[in-house]
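Working notes, beginning with the structure itself.
No value in this document is a laboratory result; all are computed from the given coordinates. Quick caveat: nothing in here was measured; it's all calculated off a predicted structure. Methodologically, a virtual Cβ is constructed for each residue, glycine included, from the backbone with ideal geometry; neighbour enumeration extends over all protein chains shown.
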Amino acid sequence: MRHLMSPLDFTREELEQLMDLADDIKNHPDNYADKCHGKKLATCFYEPSTRTRLSFESAMLSLGGSVLGFSSADSSSAAKGESVSDTIRIISSYADICAMRHPKEGAPLVASQRSLIPVINAGDGGHQHPTQTLTDLFTIRSLRGEIKDLTIGLCGDLKFGRTVHSLINALVRYPGIKFVLISPEELRVPEYIREDVLEKNGYDYKEVDSLDDVMGELDILYMTRVQKERFFNEEDYIRLKDFFILTPEKMHLAKKDMMVLHPLPRVNEISVDVDDDPRAMYFTQAKYGVFIRMALILTLLELV
Amino acid sequence: MLNISGIHQGFVLDHIKAGESMTIYNNLHLANLGSDCTVAMIMNAKSNKMGRKDIIKIECPIERVDLDILGFIDHNITCNIIKDDAIVEKRQLSLPKEIKNVISCKNPRCISTVEQELDQIFILTDPENEVYRCKYCEEKYTGSK
């Protein structure tokens, strides 16, 4: 039995197989409509989430399975003080596979150690969010043909953004990837990503604090939200915030085939005027998240 | 120096940093060795090499003590294994791949801070730089040993 805790749990070959399957699901959804008939997905969400939980539920329903679960700690027995280890033992009797989101880092791993069913980490605090990374990789591969020889700009909160860290970790396994890290000084990628991941593997990267200066170089722009509360003082926030807002004017500086991704939700970092630009792929990305989760459920349930 | 008689079977842990022997006593769980075992701790002994040092002598069956954790606490400790009143091995200490219930995770967002009965486990992720990370949240251990 296999679980998914980190995007690195899969080898590159396994990831390719997973994405091949997601591709086939995307192209022939009818062939998969009953694959999970009689199977149940438990969505154990100890903190609120809209997209991830609904994306999992949509994936299972599209496979002909059913779903059960809870969407906040208050509505689960965690409110009575039940441990994650006990909860998963119970859930193992009710469902065939579990997607778990928890505010405490490592909680899904603890669950997987006691579980009798596959556990998928659907986000654990600021630690990992592997299905978002799988979504990002699948979107890039689907829209670009392959993940190779790309200049990828990561913009916004690179310090606290777990999706950015996971994505960098996953992308360094592909050839010819260049990183342009666009953020204010205060929100640069943590030292361990810079030293242990990028420099250790001899990766080509640069750190800049203006989006305009690098727009023309990018094949992919991965936007994240810059949160006001991350700044030490409001002055810095006001001075810097507009540098990281994507507007139609900035899109004029970009390549014709550049694509914009965002893990969502967005607040104001991408102007709504950009949504109609054919290069804005973040809603497509969310749609592709369902296909890759379908492929993941099938793989972990060993139904392929 | 105080003299403590030799041991028939067990260990002599020498060159322990002065004042550290009690920590080692606790981390090796020497209090739970069993009623047939004897432990002697010599603290603050004179040492040509170190100025002052601690020594622990443990009289017990040698399979009863797991010495792996010593490599994490201080790999400069000399570990002599005694059988039939003679030193049969000077064990080279190395960093253990995993440390269980010796140090705890300081990350307040880690599940190990709230989940009952959960073992505190750290994994050696970078032997060259002696980096241990929490098994659950991957936070680097930065506290003192």
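General remarks:
- When you restrict to C-alpha pairs under 8 Å that are six or more residues apart and normalise by the size of the stretch A:147-304, the relative contact order lands at 22 percent.
- Sites excluded, GluC sites (Glu not before Pro) in DSSP loops with at most 12 other C-beta within 10 Å, longest stretch of chain B: B:1-116
- Put a plus charge on the Cβ of each Lys and Arg, a minus charge on the Cβ of each Asp and Glu, and nothing anywhere else: the dipole of the stretch B:10-91 about its Cα centre is then about 440 debye.
- Placing a label point 7 Å from the Cα of B:HIS29 along the Cα-to-Cβ line, the residues of the stretch B:78-114 whose backbone N sits under 11 Å from it are B:100-102.
- Two-site FRET efficiency, A:GLU249 against A:LEU303, from Cβ-Cβ distance with R₀ of 51 Å, rounded to 0.05: 0.60
- Mean residue ellipticity (222 nm) of the protein assembly as shown, computed from DSSP H runs ≥ 4 via -39,500 (n - 2.57), nearest 500: -8000 deg cm²/dmol
- Compactness of the stretch B:10-91 - radius of gyration and Dmax, Cα, Å: 12.0, 35
- Cα shape, the protein assembly as shown, gyration tensor, a/c 1.5 rule: prolate
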